[in-house]
Amino acid sequence: MIARAAVFVPALRGVWHTRAMVAPVMPVGLAPKRALVLGGGGAFGVIQAAYIQALSERGYRPDPVVGTSVGALNGAWLAMHPDRPEELLEVWRELGKLQLLRWNPFPIAGRVLRGRLGLWPNEIVPKLIATHVEGRRFEDARIPLVVVATNLTRGRKQTFHTGDLGPAIMASTAIPGVFDPVEIDGELFVDGGITATIDLATAYQLGATEILAIDLTPPADTARPRTAIGVLRLSLAALSRSTMDAMQECLSDRVAVRVTTPDLSQHSPWALTVSDEAIAQNLAVAGEAVRVLVDEAGAVIPGPHHHWVCEPAPAAARGLRGAFQRLRTPANP
């Protein structure tokens, strides 16, 4: 996660500067480009799916979608089926009640002795891919889609936006140390949350004029750490949060940016319980929340973050944006 502090440098050069809050102005005649950025968070993904449906009902239509980890799973469904967001919750409903990780010491010890690079097999994501996106390519998406992973071989963030969708999602969801890294073209990839929990930078590089991000970062632990591991965990969490906040503030001077974090205090990223009652409650909460995120026309309502003055790095921005302009996205039924 330490690499996150450097990942923004190619996209933006920023200096700290206090100024009055000024809402970004849309040039006359230019249609808004609304990017939806979906963060990672394991079983919290079912809550994110409720927000996606509530946003759709509010009239929000993203273009493009940028997804990290479970956000890549949700984002892939939305990009393939933008007119059927309610069916995404059905996908989660089918999972029912499950533990993402089974805390059995004997299989874990066996994997360690065999020299595996992860303590648990990643069983759920391959099944979801086989059922819902098997054989699909990024070029099949009806909304431009970017999947964010971490290139462990090169030690940096990597985005996927062309080619086979399945391997990219597997790479983006490979929690380091928990699941085995995913090898693509001879290089190892792990969870995108290591380098970009919510990848605002990529959304900006794609030319977004409005960015809405659904962050699934667990609430801050205010308890005093009792071990060295606890100190390390809290330190990395603080680094992750501070870099995300700085990026949000930096971008908010140039585009409308809103980052929302649902109340996750009563949920676990490692255990999933999906019932009709839970889905109804999640939808009710999401429905209320999105009213302050987007207006009735589906436009993002900017958040109160205006403290950074940033200069774009044109070469970095043009590279990814140009790649999308060269893609032809078929209109799937």
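The values are calculated or read from the model by the stated rules, or taken from the named source; none is laboratory data. Because the structure is a prediction, the values reported are computed rather than measured. All Cβ positions, glycine included, derive from the backbone under ideal geometry; neighbour counts span all protein chains shown. Only protein heavy atoms, including side chains, enter the accessible area calculation; ligands, DNA and RNA are left aside. Shrake-Rupley method; radii C 1.70, N 1.55, O 1.52, S 1.80 Å.
Some notes on this structure:
- Computed E for ARG61/ASP276 - FRET, C-beta separation, R0 22 angstrom, nearest 0.05: 0.20
- Normalised radius of gyration (Cα atoms, divided by 2.2 N^0.38 Å) for segment 134-218: 1.09.
- FRET efficiency for ALA130 and GLU87, using Cβ-Cβ distance with R0 set to 22 Å, rounded to 0.05: 0.80
- Between THR261 and SER242, full extension at 0.36 nm per residue minus the direct alpha carbon distance yields a gain of 5.4 nm.
- The label point for ARG154 and the one for ALA297, both projected 7 Å from the Cα toward the Cβ, are 4.0 nm apart.
- Burial order of peptide ranges 288-299, 38-49 (average beta-carbon count within 10 Å, highest first): 38-49, 288-299
- Positive minus negative residues near ASP83 (Lys, Arg vs Asp, Glu; Cβ under 11 Å): +1
- The simple spin-label model puts a point 7 Å past each Cα toward its Cβ; for GLU183 and ALA223 those points are separated by 4.0 nm.
- Compared with the alpha-carbon gap, the fully stretched path from LEU234 to ASP140 is longer by 29.8 nm at 0.36 nm per residue.
- Per-residue SASA entry for SER268, accessible area with 1.4 Å probe, Å² rounded to 10: 50
- Net dipole in debye of segment 189-297 [+1 Lys, Arg Cβ; -1 Asp, Glu Cβ; about Cα centre; nearest 20]: 540
- Convex hull of Cα atoms in segment 196-265, direction-averaged projection (nm²): 5.1
- Translational diffusion of segment 165-282, µm² s⁻¹ [Kirkwood Rh, Cα pairs; Stokes-Einstein; 37 °C; 0.692 mPa s]: 195
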